[in-house]
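**Student:** Quick one: the structure is below, questions incoming.
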Amino acid sequence: MKKIYVVGLGPGGFEQMSKRAMDAINKSDVIMGYTYYIDLIKDKIKDKEVFVSPMTKEVFRCGKALEYALSGKTVSMVSSGDSGVYGMASVIYEVCGNYPEVEIEVIPGITACLSGASVLGAPISHDFAVISLSDLLTPWDKIEKRLDLAAEGDFVICIYNPSSKKRADYLKKACQIVLKHKNADTVCGYVKNIGRNGQEYHIVTLNELQRVKTDMFTTVIIGNSQTKVINGKMVTPRGYVYI
């Protein structure tokens, strides 16, 4: 059998991984992923062959997965969150496009937008958009346009990759774009290290969010015009009327 599982691990803790994800890992001969992702499951894969590669080597890693699969080994390509949301699923399909004999099975995981929202309260109970601020693969002018249109449409906006050492001011720039359409006191929240040691969350205004220091392990949620704070939690109403 020529098989590649593309596995979403969720936030990182075993209690937030699906049984289906763990079953795929157990069935696999080779576990592949970025170093940080492998570290999340290292205690569960001690009897497996492991292939690790650093960030920016995603295409190379998928090429190696294809090689393993063609040799008859079952592979699990793992990533945190959901493998189809800024994950490896699309890359695997592209790399394996000329090899229909390789079966690909995508196994979903809890993505940061969902796990972060659960920590903050219920901020994505209505329409929302997910936008990454990383311009490594997407031009910044396209990211700006997406932020502008999502804010104009009064979507709740979930932001991935809000900043890094090279992009220290990107969240501030994003807030300034959103402020063209949303009030400065719009309720926002951010969560660091979701589901892992050091988890913390904060609820702030859009104006305050501009000055928040974040990193690649932070997920930011900007509310819509109806989002409010209820008992210290961020809530976006669905529109039900309570009598």
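The values are calculated or read from the model by the stated rules, or taken from the named source; none is laboratory data. Since the model is a prediction, treat every value here as computed from it, not as a measurement. Note: ideal-geometry Cβ built from the backbone for every residue, glycine included; neighbour counts use all protein chains shown. Protein only, heavy atoms only, side chains kept; ligands, DNA and RNA dropped before computing areas. Shrake-Rupley method; radii C 1.70, N 1.55, O 1.52, S 1.80 Å.
**Student:** Could you give every pair whose Cβ atoms fall below 6 Å, whose first residue belongs to the stretch 140-165 and is closer than 12 Å to Asn224 by Cβ and in a helix (DSSP H, G or I), and whose second residue is open to solvent by less than 10 Å² (accessible area, probe 1.4 Å) and not hydroxyl-bearing (Ser, Thr, Tyr), counting only separations of at least 6 or pairs across chains?
**Tutor:** Ala150/Ile157; Ala151/Val178
**Student:** On the given criteria, is Ser125 in contact (Cβ under 8 Å) with a residue 40 or more places away in the chain, over 21 Å from Gln199 (Cα atoms), open to solvent by less than 20 Å² (accessible area, probe 1.4 Å) and in contact with a strand residue (DSSP E or B) (Cβ under 9 Å, 6 or more places away or on another chain)?
**Tutor:** Spelling it out, it is not the case that Ser125 is in contact (Cβ under 8 Å) with a residue 40 or more places away in the chain, over 21 Å from Gln199 (Cα atoms), open to solvent by less than 20 Å² (accessible area, probe 1.4 Å) and in contact with a strand residue (DSSP E or B) (Cβ under 9 Å, 6 or more places away or on another chain).
**Student:** For a quick check of your reading: which strands (runs of 3 or more DSSP E) sit entirely within the stretch 173-243 and have at least 3 residues that are open to solvent by 30 Å² or more (accessible area, probe 1.4 Å)?
**Tutor:** 200-205, 228-230
**Student:** For Ala65, work out the one condition from (1) closer than 30 Å to Gly232 by Cβ; (2) modelled with pLDDT of 95 or more; (3) surrounded by 17 or more Cβ atoms within 10 Å (Cβ to Cβ) it doesn't fulfil.
**Tutor:** Exception for Ala65: condition (1).
**Student:** May I ask you to verify whether Pro108 is open to solvent by 60 Å² or more (accessible area, probe 1.4 Å), in contact (Cβ under 8 Å) with a residue 24 or more places away in the chain and within 18 Å of the chain's Cα centre (by Cα)?
**Tutor:** Answer is yes for this residue.
**Student:** Another question, then. So in the stretch 1-19, with the set limited to residues that are closer than 9 Å to Thr74 by Cα and part of a loop (DSSP other than H, G, I, E, B), which one is nearest to the chain's Cα centre (by Cα)?
**Tutor:** Looking at residues that are closer than 9 Å to Thr74 by Cα and part of a loop (DSSP other than H, G, I, E, B), I get Lys2.
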